[in-house]
Amino acid sequence: METYSYKAVAADGKEKKGSIDADSREAAIKKLKDNGLVPINVKVQSVLDKDIKLSVFKKKITPREMSVFCRQFASILKAGVSVISALEMLGEQTENKELKASVKKLQSGVEKGSTLSEAMKLEKSVYPELLINMVAAGEASGSLEAAIERMAVQFEKEARLKALVKKAMMYPIVLFVVAIGVMLLMLVYVIPQFNYMFEEIGSELPAYTKVILAVSDFIRKYWYIIIGVIAAVIAAYKYYKKTDRGRRRIDEIKMKLPVFGVLATKTACARFSRTMATLLQSGMSMMDALDIVGETMDNVLFKEGLKKSKNGVALGFNLSAQLAMSGLFPPMVIHMTNIGESTGNLEEMLTNVADYYDEEVEAATQQITALMEPIIIVVMAVIVAILVLSIYGPISQLYSDLG
């Protein structure tokens, strides 16, 4: 899919410029015409004329904000308000500037005859594909309010899940940064003060003290090299992560990490079960649901596993059997899926699985926090103790010799 820059004339006679994603130039022109625009110039966007978006000043739309948007949207529609009027009301009360501007575009598109899902497709950078497909299914079945309300629950659960994982990672990271800060403070400011004293005394220093002093001297003299190496390592990691091989390798390592690997698996199971249940409840077919769920997974191993599962289901095999063959999902997910398929109540079983793994993720985050806190504190204490002993050891020996 290419990004095309366009210049067009709106129904009110005003000239509009912007960009649009499409499979071909003809498809881009058709999209513009469907939205009531008369194309004047449509061309593939080059590097020089790409839209510049400063992500530093751009407020990202969070799952929490999207859940509030869906919840309000569903409530307004339930009150009997039309989609256009509902969008107008949402546009006035939405605080996120990007979401506010997007809602106004949705309103304009629906007013010109587009369906809500078609208008959302033109705003793919704002609305997740899952929401767009749910809205399309709701429009087709005549249950748009229910579809949007399900998405509100979906985004709420997703926001809570991300908050739990973030909480598990935040505290250990803060402790680690503090440990590094204390170590650098001693190496850069404290130890050099004693180095001058040792030089004046001229006594022979222990080997471990010499190593610490050498490290301190290197950091003070060549700090820019250290910063450059760290920056290069981070840049190399980000580049490697963008490659297919790199992303797969990193995701494989994440899955094998003690404790963190279990958390990654439980998080993926919670997302798979919740999203799958939401899509099936909206009346979507198993094949389409698996296709969408696979795209929502962060871990490439689960993404590939669900793609293979979809191929197996297409051949007539049960979903539970395909999940078992992937080797990624715990027995709990497989057994509950099998029960759901046998009883014809797969949506409810998957919802129960999602609730279960939401609780498991919360328990795992508490376990990680409880485990990492003492480990980092002990490591920090050991590092500080080594630095202190490297300084006060020679001083103590000097006093002993003088005595």
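The values are calculated or read from the model by the stated rules, or taken from the named source; none is laboratory data. A quick note: this is a predicted structure, and the numbers were derived from the prediction, not measured. For neighbour counting, all protein chains shown are included, and Cβ atoms are generated from backbone atoms with ideal geometry for every residue, glycine included.
Quick notes on this one:
- Unmet criterion (only one of (1) assigned to a helix (DSSP H, G or I); (2) within 18 Å of T267 (Cβ to Cβ)) for A381: (2)
- Check on E348, modelled with pLDDT of 80 or more, part of a helix (DSSP H, G or I), assigned by TED's automatic domain parsing to the domain that holds C269 and of a type in the set (D, E): yes
- Within segment 316-335, the only residue that satisfies the criterion of being of a type in the set (G, A, S), under 26 Å from the mean Cα position of the chain (by Cα) and part of a loop (DSSP other than H, G, I, E, B) is G327.
- Contact map, segment 3-22: residues that are more than 15 Å from L122 (Cα to Cα) and not assigned by TED's automatic domain parsing to the domain that holds K33 paired with residues that are among the hydroxyl-bearing types (S, T, Y) and assigned to a loop (DSSP other than H, G, I, E, B), Cβ distance under 8 Å, separation 6+ or inter-chain. No pairs are found.
- Flag: K104 matches the condition of being on the phi < 0 side of the Ramachandran plot and at pLDDT 85 or above.
- Among the residues of segment 295-303, not a single one is over 23 Å from K157 (Cβ atoms) and buried (at least 19 other Cβ atoms within 10 Å of the Cβ).
- Filtered by the rule that a residue be touching a residue at least 60 places away in the same chain (Cβ under 8 Å) and assigned to a loop (DSSP other than H, G, I, E, B), segment 114-126 gives S114, L122, K124, V126.
- Being within 19 Å of the chain's Cα centre (by Cα) and crowded, with 24+ Cβ neighbours inside 10 Å holds for only one residue in S273, S309, and it is S273.
- Within segment 18-71, the set of residues being at pLDDT 80 or above and acidic (D, E) comprises E26, E65.
- Residues satisfying the criterion are absent from segment 72-82 (criterion: under 17 Å from I148 (Cα atoms), in contact with a Ser or Thr (Cβ under 9 Å, 6 or more places away or on another chain) and in contact (Cβ under 8 Å) with a residue 24 or more places away in the chain).
A quick yes/no check of all residues on (1) at pLDDT below 90; (2) within 15 Å of L301 (Cβ to Cβ); (3) small (G, A, S):
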{"position": "I234", "(1), (2), (3)": "no, no, no"}
{"position": "Y237", "(1), (2), (3)": "no, no, no"}
{"position": "K241", "(1), (2), (3)": "yes, yes, no"}
{"position": "D244", "(1), (2), (3)": "yes, yes, no"}
{"position": "R248", "(1), (2), (3)": "yes, yes, no"}
{"position": "K254", "(1), (2), (3)": "yes, yes, no"}
{"position": "A264", "(1), (2), (3)": "yes, yes, yes"}
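- Residue match in segment 128-140 (condition: of a type outside the set (V, I, T), in contact (Cβ under 8 Å) with a residue 24 or more places away in the chain and not in a helix (DSSP H, G or I)): yes
- Selection within segment 110-166 - hydroxyl-bearing (S, T, Y) and either surrounded by fewer than 18 Cβ atoms within 10 Å (Cβ to Cβ) or modelled with pLDDT under 80 (or both): T115, S125, S141, S143
- Filtered by the rule that a residue be surrounded by 15 or more Cβ atoms within 10 Å (Cβ to Cβ) and more than 22 Å from L161 (Cα to Cα), segment 340-355 gives G340, E341, L346.
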